[in-house]
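Working notes, structure below.
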């Protein structure tokens, strides 16, 4: 009734504000994308062009830089390393996380609340604090330079956030479903696999996306654990490339923008999941 | 039965099970095995690679140790004394705190303001929101590199400023110790403002439209509605954003390492860059661990104070429910 008489946007009263809003939006978007556009666009110029006029348009368009990077074996090695690390981290986080969250959410057992507290306490231990001892530990294990030296610590450090997000999800599945499944002869594991997992799909996707994002962008851990370019992930590789070929500005720009692409494609689509995950902790 | 309609037949709950006697729900012995069987993998990885290294950091911090050789030169609190008497570390600590405060004071209001504007009905709102989110999804390395390429003296950014009419000499954005810290903060704002805006927008979506209508009916102006209704109701979102921002600012490493490496003249050093520099670069694992422990306690104290004072109500559901 009220909504019929008062337009929700207040459009009739605040029309004058619309141009201002668009102006602000335009400025924010311009400032936001300018650096990205700069890097991508200047990857299409030669270093000579860039030196002549640092903020010009590609004339003519040069494809060699991008072709060079795409033909660079190191780029693909690092791309593959990043992919392996991110996929393995995501799988590890989701599988181990959902198993632990399942029992915490749906079982009564001695030590349950202690277990949950232990996992949530992990939010207080940032990776930065642990990274030097991790380095010495993994060196002792002979794992430096091995992708596992990044994957396993990443899984461990994602566990707290994962369990905090998943426990409420798994708990919200009504107990009646469990009873019904039990009456129909499903074991508790059968209930977990056939009912709980499918129903908690959105939560699993959120957790997985956050794990993937974090892993794909990670720098400190791969920097310390992986060492040389051939075993590095993309963020470390980009940094190596920019140092090694600092004279080849155009090449560095092309390498940088190609390193952006997978993140941009994947994460733009996953935006809602990431935000959902970050705000999920508030809604509890 | 609710299951089939929820899961659209993917889960065949209703499938008749041949000889299935109704079972009792508590089966203690088997359940205990299942519980710990399920929890064990996560627990082992978590204890081995989160708890253990943190404990080791605390232990190492009492030793003079280069990371190799035997751990036998116990020096008590000397590493901590050394950290707190090193002007470079104190500068790094001050930089961290400054970034925490500046982020809250500048990025917060900016994000709320922009989110309020963008929450109106706009053409292309989805596109705008997606674009605003772009910096957040880039790694700090890639973003930092992009800015490093744009900011050299006489580089594209300077040329752009000249074309805007600033013909004079530009500051050395990354090389001047008096300027570099502000450049760093500007780049961080670029990187994280989008996330703040998106979070605020998500929070705004949760505020019922009816409240605005009621306020409008009562004759409130748009500004009054925002100030009296929207912003107070945005409280939980602002508080969780502030928490993420504080923790992130205290851990800051990647962007600084790429952009300035902590320089020039340690002007942009943070606790984390200082720690990696001495721990990894100079193999002083003992001293580096002491810095890590200090970093941990600074984060912990701030987090606890914040949680006690501000967050308790919001987080109540998430953190305490399992207990």
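Details
- With respect to the conditions (1) modelled with pLDDT under 95; (2) part of a helix (DSSP H, G or I), residue B:16 falls short on a single one, namely (2).
- Test: residue in region B:160-168 that is farther than 27 Å from residue B:200 by Cα, more than 7 Å from chain A (Cβ to nearest Cβ) and touching a residue at least 24 places away in the same chain (Cβ under 8 Å): no
Table: residues versus (1) touching a residue at least 60 places away in the same chain (Cβ under 8 Å); (2) facing another protein chain (nearest Cβ under 10 Å); (3) within 19 Å of the chain's Cα centre (by Cα).
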position	(1), (2), (3)
B:172	no, no, no
B:179	no, no, no
B:188	yes, no, yes
B:206	no, yes, no
B:218	no, no, no
B:230	yes, no, no
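- Count of residues meeting criterion [more than 7 Å from chain B (Cβ to nearest Cβ), surrounded by 13 or more Cβ atoms within 10 Å (Cβ to Cβ) and either outside any helix (DSSP H, G or I) or modelled with pLDDT of 85 or more (or both)] in region A:2-21: 1
- Residue in region A:133-152 that is within 30 Å of residue A:234 (Cα to Cα), assigned by TED's automatic domain parsing to the domain that holds residue A:205 and modelled with pLDDT under 85 present: no
- Comparison of A:222, A:235 shows that the only residue that is farther than 18 Å from residue A:39 by Cα, at pLDDT 90 or above and assigned to a helix (DSSP H, G or I) is A:222.
- When every residue of region A:40-60 is checked against the conditions, none turns out to be surrounded by fewer than 19 Cβ atoms within 10 Å (Cβ to Cβ), on the phi < 0 side of the Ramachandran plot and either modelled with pLDDT of 95 or more or within 23 Å of the chain's Cα centre (by Cα) (or both).
- Test for residue A:128: is it under 22 Å from residue B:60 (Cα atoms), out of contact with any strand residue (DSSP E or B) (no Cβ under 8 Å at 6 or more places or on another chain) and without any contact (Cβ under 8 Å) to a residue 24 or more places away in the chain: no
- Lone unmet requirement of (1) touching a residue at least 12 places away in the same chain (Cβ under 8 Å); (2) part of a loop (DSSP other than H, G, I, E, B) for residue B:69: (1)
- From the list B:154, B:108, B:144, B:113, the lone residue that is on the phi > 0 side of the Ramachandran plot and either assigned to a loop (DSSP other than H, G, I, E, B) or more than 8 Å from every other protein chain (Cβ to nearest Cβ) (or both) is B:154.
- Selection count, region B:26-64, where residues are crowded, with 19+ Cβ neighbours inside 10 Å and more than 9 Å from chain A (Cβ to nearest Cβ): 3
- Residues of region A:155-196 classified as more than 9 Å from chain B (Cβ to nearest Cβ) and under 22 Å from the mean Cα position of the chain (by Cα), total: 4
- Hits in region A:222-255 - residues which are touching a residue at least 60 places away in the same chain (Cβ under 8 Å) and farther than 26 Å from residue A:154 by Cβ: A:247, A:248, A:249, A:250, A:251, A:253, A:254
- Residues (at pLDDT 80 or above, closer than 21 Å to residue B:113 by Cβ and in a helix (DSSP H, G or I)) located in region B:213-222: B:215, B:216
- Residues of region B:266-301 that turn out to be surrounded by 18 or more Cβ atoms within 10 Å (Cβ to Cβ), within 18 Å of the chain's Cα centre (by Cα) and either in a helix (DSSP H, G or I) or at pLDDT below 90 (or both), as a count: 7
- Of the residues contained in region A:107-130, one or more are found to be surrounded by fewer than 16 Cβ atoms within 10 Å (Cβ to Cβ), more than 8 Å from chain B (Cβ to nearest Cβ) and modelled with pLDDT of 90 or more.
- Residues satisfying the criterion are absent from region B:233-241 (criterion: surrounded by fewer than 24 Cβ atoms within 10 Å (Cβ to Cβ), within 22 Å of the chain's Cα centre (by Cα) and within 23 Å of residue B:90 (Cα to Cα)).
The values are calculated or read from the model by the stated rules, or taken from the named source; none is laboratory data. Just so you know, these numbers come straight off a predicted model, no measurement behind them. All Cβ positions, even for glycine, are placed from backbone atoms using ideal geometry, and neighbour counts span all protein chains on display.
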